[in-house]
Ligand code: GLY
């Protein structure tokens, strides 16, 4: 078992352990005296791990209830949010109880936001079961839901009380969902850690599980460092958005349907590196991205993507920030006007 302590306004531990999900009740008992635990999950993850989590919690003295909603981004909406709040109320969850998010990024984001809102805040635990959720969304306290105007537009900073990452759960992921997370792992290598990048480029989608614990640990440790320096996303934390300006635009252009977040981030990293950094670096990044069956670019004309870039919620009064890595492991935040960004991308 490995663990990482995240020293944010509410400090917490991230446990990284193969098979850790079987002991989640023990770990959660060690951080709370609560009598009740409310589990929120989706229909795919619930079938795979719901029973395991329930059994472990009950063995450790929790009176449990579970709410399941349909898997997928379309569930990260106001309607599901309302259903979760009603479920917490029907389960008689009080402020001294605990809420558990069991699943991928959608489950973690919406449950974390419900935990921030219900009774003005109930402690919650993340048990992320996708690579993307383990190395990114479960750590750092960003919680949100989507509204008609865009993704993640309503939410709260709400740090969990504990995160339990079990890399065995990643073995049941489809190759596409695994690749989705690998895009973020490549991103961490690019922005902060050449050794991590080398480890990823020395593997591919078929054999990456051999080094998965190391990948998960290193990525979370990078995220910990960034989040500790800038918990509320006012500066350095923006480096985590490398590849995301174009990536979000690609997701938006595809109406968040058949195009995953990881595909967007992968293509976004390659496009910006090709435009603004050296050819040598762009070729190396593209080769690595291809090993995980992710896109290295797009056929969609930049003129069609740019309107989606300027809709990005991180844009501040006519400006937007993009991230560039001129060498592996070193990210820089650049603030430009939307017009300048368009010229750079169309040039
Ligand atoms: N996923 C980006 C962040 O946590 O800031």
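Here, each number is a calculation from the coordinates, and none is a lab measurement. These numbers were taken from a predicted model, which means no experiment stands behind them. A quick note on method: Cβ atoms are made from the backbone with ideal geometry, for glycine too, and the neighbour counts reach across all protein chains shown.
Summary table below
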{"item": "Nearest 10 degrees, 0 to 90: helix 212-229 Cα axis against the chain principal axis", "result": "80"}
{"item": "For the chain, share of DSSP beta bridges that run antiparallel, in % to the nearest 5", "result": "45"}
{"item": "Protection-proxy order for peptides 104-114, 247-257, each taking the mean of Cβ atoms within 10 Å per residue, highest first", "result": "104-114, 247-257"}
{"item": "118, 188 arranged by Cβ crowding within 10 Å, fewest neighbours leading", "result": "118, 188"}
{"item": "Relative contact order of the chain, pairs being alpha-carbon contacts under 8 Å that are 6 or more residues apart, as %", "result": "15"}
{"item": "Between helix 78-90 and the chain: long-axis angle, C-alpha atoms, 0 to 90°, nearest 10", "result": "20"}
{"item": "Cut-off 19 Å (backbone N to label point 7 Å along Cα→Cβ of residue 33), residues of region 91-123", "result": "93-99, 122-123"}
{"item": "Region 1-158: C-alpha gyration tensor shape, a/c 1.5 cut-off, then a/b vs b/c", "result": "rounded"}
{"item": "Separation of the residue 26 and residue 276 label points, Cα + 7 Å toward Cβ, nm", "result": "4.7"}
{"item": "Helical mean residue ellipticity (222 nm; -39500 (n - 2.57) per DSSP H run of 4+; nearest 500) of the chain", "result": "-12500 deg cm²/dmol"}
{"item": "Ranked packing of 260-267, 295-302, most packed first, by mean Cβ within 10 Å", "result": "260-267, 295-302"}
{"item": "The chain: C-alpha gyration tensor shape, a/c 1.5 cut-off, then a/b vs b/c", "result": "prolate"}
{"item": "Three-way shape label, region 170-284, alpha-carbon gyration tensor, a/c 1.5", "result": "rounded"}
{"item": "Pair residue 338, residue 300: separation of 7 Å Cα→Cβ label points (nm)", "result": "1.7"}
{"item": "Computed E for residue 214/residue 85 - FRET, C-beta separation, R0 45 angstrom, nearest 0.05", "result": "0.70"}
{"item": "Burial order of peptide ranges 5-17, 268-280 (average beta-carbon count within 10 Å, highest first)", "result": "268-280, 5-17"}
{"item": "Approximate spin-label separation residue 293-residue 51, in nm, with each point projected 7 Å along Cα-to-Cβ", "result": "2.9"}
{"item": "0 to 90° range, to nearest 10: angle between helix 261-276 axis and the chain longest Cα axis", "result": "30"}
